[in-house]
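**Student:** Once you've had a glance at the structure underneath, I'll fire off some questions.
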Amino acid sequence: MPRWGMVIDLDRCIGCGACVVACQAENNVPINTEDVYHQRRAIEWIRLERYWEGEYPDIKARYIPVPCMHCQNAPCEPVCPVYATYHTSEGINMQVYNRCIGTRYCSINCQWHVRFFNFWEPKWPDSLKNQLNPNVTVRSRGVMEKCTFCIQRIVKAEHQAKLEGRQLRADEFTTACAQACPTDAIVFGDLDNPESRVARLVSTAVNERGYRLLEDLGTEPSVYYLKKVDLEAPVEEHSSH
Amino acid sequence: MQRYFRLVLFAAVMLVVLAIPVAAVLARTYFLAPTTQPVKAQPIQFPHQVHAQAMGLDCTFCHRGAITSAQATIPALEFCMSCHKVIPWQGRPELEKLVQAFERGQPVQWNKVHQLPDHAHFVHAVHLNFGFQCSDCHGDVAAMGKPGVKQVRDLRMGDCLTCHQQNGARTDCSVCHY
C-alpha cells in the first residue's frame with residue numbers, strides 16, 4: 001500500500017504560479033474573480049504565498065506553494081460530524097463531496113487554510129465549458145473542497161497497473177502541479193517506495209534543509225519543504241531545537 | 001365535541017403535512033427506482049437482439065472501451081458503417097437513419113440508460129478484468145429487443161457496496177467518490 005507524499009524545493013521555486021493554474025484546470029476549480037478575492041472566498045487548492053525578505057533596495061521576493069498538507073494526524077478529520085473528511089489507507093486526506101453538509105468545522109480547524117467552501121454554485125465562462133475534467137466531480141454549492149493529491153490520477157494509474165497485472169511503478173505518474181512545474185520544484189510520489197524520487201529526497205535533502213509547515217503542531221504533514229539556499233544571506237547563528 | 005374540534009382539525013392537518021415527506025421518500029424509492037423507469041426512446045431503435053444474439057457478437061466488439069478504460073464507449077458511426085455499408089439499407093427506416101446520419105457527418109445522439117451521479121466514478125475495465133460479465137450488471141441485453149435497453153439492476157450505492165464487500169474489493173469512499 002503506497003503512502004503518498006510531496007517534496008517542494010523552495011530553492012527551485014520561482015513563483016511563476018504554473019502549479020496554481022494547472023491545479024485549477026485539472027481539478028475543475030472555479031475561476032476566481034476579483035470580487036471573490038475581496039470577499040476572501042477564493043478557491044485555490046494550491047496557492048502561492050509571497051513574502052518579502054529584507055528592506056528596499058535589498059529586498060527579495062520569496063515564494064511558498066501551499067497545497068493541502070495531507071496531515072497523517074489531520075485536525076480537520078475528527079471535527080466533521082458526518083465523516084465527510086477522512087483518511088484513506090494510502091495516506092490521503094479525502095473529502096467526500098456527496099457526504100459533506102457544509103458545517104465548515106474542518107476549514108476552521110485547518111491551520112494551513114487549504115480547505116475551501118463553495119459559497120456559490122461554481123460558474124465557468126462559456127469559452128471554458130468544454131475544458132472541465134470529466135474524471136473530477138464538479139462540486140456544488142454548500143460543500144467543502146480541497147487538494148486531493150490528484151486522486152483521479154492515482155486511481156487511474158492503479159487501475160492501469162491492475163489491468164497490466166503489475167505493481168505500481170515508482171514515479172509512474174504525478175500530480176498536475178508537479179507536472180506543470182517548470183523548475184521541477186514540486187516532486188510527488190510514494191514515500192514508502194525507496195525507488196521513488198520523493199523518497200530519495202526525503203532520505204537525503206530533507207535531512208539537510210527540510211522542514212514541514214507548522215510542524216510543531218504535531219499533525220505529521222505529508223508535504224515536505226526544502227529551505228531556500230541563499231548564498232548572500234548573512235551567516236546565521238546555528239539554532240538548535 | 002365542539003370544544004375539541006379545533007384540536008382534532010389541527011392534529012389531522014399536521015398528520016397530513018408530516019405524511020407528505022414520508023410519502024415522497026417512499027414514492028421516490030419505489031416508483032422512481034432506476035429499474036422501474038420506462039424504456040428510454042432512442043433516436044435509432046438499435047436491436048441488440050440482432051447484433052448480440054443472432055449474430056453472436058461479443059459486447060466488447062462494439063463497446064471496445066470496456067476492456068481498456070473507464071467508459072464502455074459507444075462506437076463511432078464509422079465503426080457501424082464498416083459493416084453496414086455492405087448491408088442493404090434501402091427500405092429499412094432505422095438503417096436509413098443510420099446511413100443518413102453518416103452521410104451528413106452528424107453523430108447519433110443516443111440517450112444514456114444507466115445514469116450514475118457525477119460524484120460516482122465507475123471504471124468498466126477493472127470490473128471486467130476481475131472476471132465480471134457485462135450481464136452481471138446490465139442483464140441479458142442480447143435478449144432485449146426493439147424497444148431498447150432497460151436498466152435491470154438498481155446500481156445505487158448500497159448495490160455497489162454489497163457487491164464490493166462480497167468480492168473483497170475496497171469500500172473506501174475515495175474508491176468511487178473523488
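Quick note: the coordinates plus some simple rules give every number you see, no bench work behind them. As the structure is a prediction and not an experimental result, all values here were calculated from the model. All Cβ positions, glycine included, derive from the backbone under ideal geometry; neighbour counts span all protein chains shown.
**Student:** Distances longer than 18 Å among the Cα atoms of region A:146-222: what percent of all pairs is that?
**Tutor:** 51 percent
**Student:** Can you pull the three principal axis extents for the Cα set of chain B, in Å, largest first?
**Tutor:** Computed over chain B, the largest-to-smallest principal extents equal 85, 46, 28 Å.
**Student:** Most exposed first by the Cβ proxy, i.e. fewest other Cβ within 10 Å, how do A:MET94, A:MET6, A:MET1, B:MET144 rank?
**Tutor:** By the 10 Å Cβ count, ascending, the order reads A:MET1, B:MET144, A:MET94, A:MET6.
**Student:** Would you compute, from DSSP H runs of 4+ residues alone, the mean residue ellipticity of the protein assembly as shown at 222 nm, taking -39500 (n - 2.57) per run and dividing by the full residue count, rounded to the nearest 500? Mind dumping the intermediate values first?
**Tutor:** Working: 15 runs with 125 residues, N = 419.
It comes out at -8000 deg cm²/dmol, rounded to the nearest 500.
**Student:** Just the Kirkwood number for the protein assembly as shown, please: inverse of mean 1/r across all distinct Cα pairs, in Å, one decimal. Before the final figure, lay out the partial values.
**Tutor:** Values: mean 1/r = 0.0390 Å⁻¹.
For the protein assembly as shown, inverting the mean 1/r across all distinct Cα pairs yields 25.7 Å.
**Student:** Right, something else. Suppose every Lys and Arg Cβ carries +1 and every Asp and Glu Cβ carries -1, with no other charges. What dipole size does the protein assembly as shown come out with about its Cα centre, to the nearest 20 debye?
**Tutor:** 1980 debye
**Student:** Also: Among A:GLU164, A:GLU145, A:GLU53, A:GLU158, rank each residue by its count of other Cβ atoms within 10 Å, from fewest to most, as a rough exposure measure.
**Tutor:** Fewest-to-most Cβ neighbours within 10 Å comes out as A:GLU164, A:GLU53, A:GLU158, A:GLU145.
**Student:** Express the relative contact order of chain B as a whole percentage, based on alpha carbon pairs under 8 Å and six or more residues apart in sequence. Walk me through the numbers before you get to the answer.
**Tutor:** On the way: 152 pairs, mean separation 56.9, N = 178.
Averaging sequence separation for qualifying contacts and normalising by length gives 32 percent for chain B.
**Student:** Right, something else. If you place +1 on the Cβ of every Lys and Arg, -1 on the Cβ of every Asp and Glu, and leave all else neutral, what size is the dipole of region A:1-148 about its Cα centre, to the nearest 20 Debye?
**Tutor:** Once rounded to the nearest 20, the dipole reads 460 debye.
**Student:** Additional query: For A:PHE119 and A:ASP230 in one chain, what is 0.36 nm times their gap in residues minus the Cα-Cα distance, to one decimal in nm?
**Tutor:** 35.8 nm
**Student:** Which whole-number percent gives the relative contact order of chain A, counting Cα pairs below 8 Å spaced six or more residues apart?
**Tutor:** Once normalised by length, the contact order is 29 percent.
**Student:** I would also like to ask the following. Looking at B:THR36, B:HIS121, B:HIS48, which one has the Cα that reaches farthest to the positive end of the dipole of chain B (charges on Cβ: Lys, Arg +1; Asp, Glu -1)?
**Tutor:** B:THR36
**Student:** Rounded if a/c is under 1.5, else prolate if a/b is larger than b/c, else oblate: which is region A:120-161, with a ≥ b ≥ c the root eigenvalues of its Cα gyration tensor?
**Tutor:** Here region A:120-161 falls in the oblate category.
**Student:** Could you give P(r) for region B:48-134, binned at 10 Å from zero, as whole percent values over all Cα-Cα pairs?
**Tutor:** 14, 40, 32, 13, 1
**Student:** If you don't mind, there's one more thing I want to ask. Taking chain A as a whole, which cysteines find no other cysteine Cβ under 4.7 angstrom from their Cβ?
**Tutor:** Flagged as lacking a Cys partner: A:CYS13, A:CYS16, A:CYS23, A:CYS71, A:CYS80, A:CYS100, A:CYS110, A:CYS150, A:CYS181.
**Student:** Taking the Cβ of B:ALA70 as the centre, find all other residues whose Cβ is under 14 Å away and add up their charges (Lys, Arg: +1; Asp, Glu: -1).
**Tutor:** Around B:ALA70, the surrounding residues sum to +2.
**Student:** Something else: Using the Cβ atoms and a cut-off under 14 Å, what net charge is assigned to the surroundings of A:ASP190, where Lys and Arg are +1 and Asp and Glu are -1?
**Tutor:** Taking every other residue near A:ASP190 into account, the sum is -1.
**Student:** Once the other residues with Cβ under 15 Å from the Cβ of A:ALA42 are scored (Lys, Arg +1; Asp, Glu -1), what is the net sum?
**Tutor:** Numbers: positive: A:ARG40, A:ARG41, A:ARG47, A:ARG50, A:ARG115, A:LYS123, A:ARG139, A:LYS146; negative: A:GLU34, A:ASP35, A:GLU44, A:GLU49, A:GLU145.
Combined, the nearby Lys, Arg, Asp and Glu give +3.
**Student:** Classify region A:14-53 from the C-alpha gyration tensor, please: rounded if a/c falls under 1.5, else prolate or oblate depending on whether a/b exceeds b/c.
**Tutor:** Oblate shape, in that a/c is at least 1.5 and b/c is the bigger or equal ratio.
**Student:** Treat every Asp and Glu Cβ in region B:46-178 as -1 and every Lys and Arg Cβ as +1, leave all other atoms uncharged, and give the resulting dipole magnitude about the Cα centre to the nearest 20 debye.
**Tutor:** For region B:46-178, the charge dipole is close to 220 debye.
**Student:** Follow-up question, since we're still on this one. Calculate the mean, over all residues of peptide B:67-74, of how many other protein chain Cβ atoms lie within 10 angstrom of the residue's Cβ.
**Tutor:** Mean number of neighbouring Cβ atoms from other chains: 2.
**Student:** Quick one: helix B:5-30 against the long Cα principal axis of chain B, what's the angle to the nearest 10°, folded into 0 to 90?
**Tutor:** 20 degrees
**Student:** In nm, give the distance between the simple-model label positions of A:GLU53 and A:ASN32, each being 7 Å from the Cα along the Cα-to-Cβ direction.
**Tutor:** For the pair A:GLU53/A:ASN32, the computed spacing is 2.3 nm.
**Student:** Right, here's the next one. Once you've got the GNM for chain B with C-alpha springs shorter than 10 Å, pick whichever of B:LEU98, B:LEU18, B:LEU26 has the biggest mean-square fluctuation.
**Tutor:** Between B:LEU98, B:LEU18, B:LEU26, it is B:LEU18 that shows the largest mean-square fluctuation.
**Student:** Using only the C-alpha atoms of region A:4-226, find the volume of their convex hull and express it per residue in Å³.
**Tutor:** 151 Å³
**Student:** Note the full-extension length gain between B:ARG156 and B:HIS114 as 0.36 nm times their separation in residues minus their Cα-Cα distance, in nm to one decimal.
**Tutor:** Result: 14.0 nm gained on full extension.
**Student:** So which of A:LYS129/B:LYS146; B:LYS97/B:LYS150; A:LYS156/B:LYS85; A:LYS123/A:LYS162; A:LYS162/B:LYS85; A:LYS60/A:LYS123 end up more than 30 Å apart, counting from Cα to Cα?
**Tutor:** A:LYS129/B:LYS146; A:LYS156/B:LYS85; A:LYS123/A:LYS162; A:LYS162/B:LYS85; A:LYS60/A:LYS123
**Student:** Ranked highest first by average number of other Cβ atoms within 10 Å, how do A:173-185, B:104-116 line up? Show your work: numbers first, answer last.
**Tutor:** Values: A:173-185: 19.6, B:104-116: 11.5.
Packing order, densest peptide first, comes out as A:173-185, B:104-116.
**Student:** Name the shape class, rounded, prolate or oblate, that the alpha-carbon gyration tensor gives for region B:1-104, where a ≥ b ≥ c are the square roots of its eigenvalues, rounded holds for a/c under 1.5, and otherwise prolate holds if a/b is larger than b/c and oblate otherwise.
**Tutor:** prolate
**Student:** Any chance you could run the full-extension gain for A:GLU208 through A:GLU164? It's 0.36 nm times the residue separation minus the Cα-Cα distance, nm to one decimal.
**Tutor:** Difference between extended and current length: 12.0 nm.
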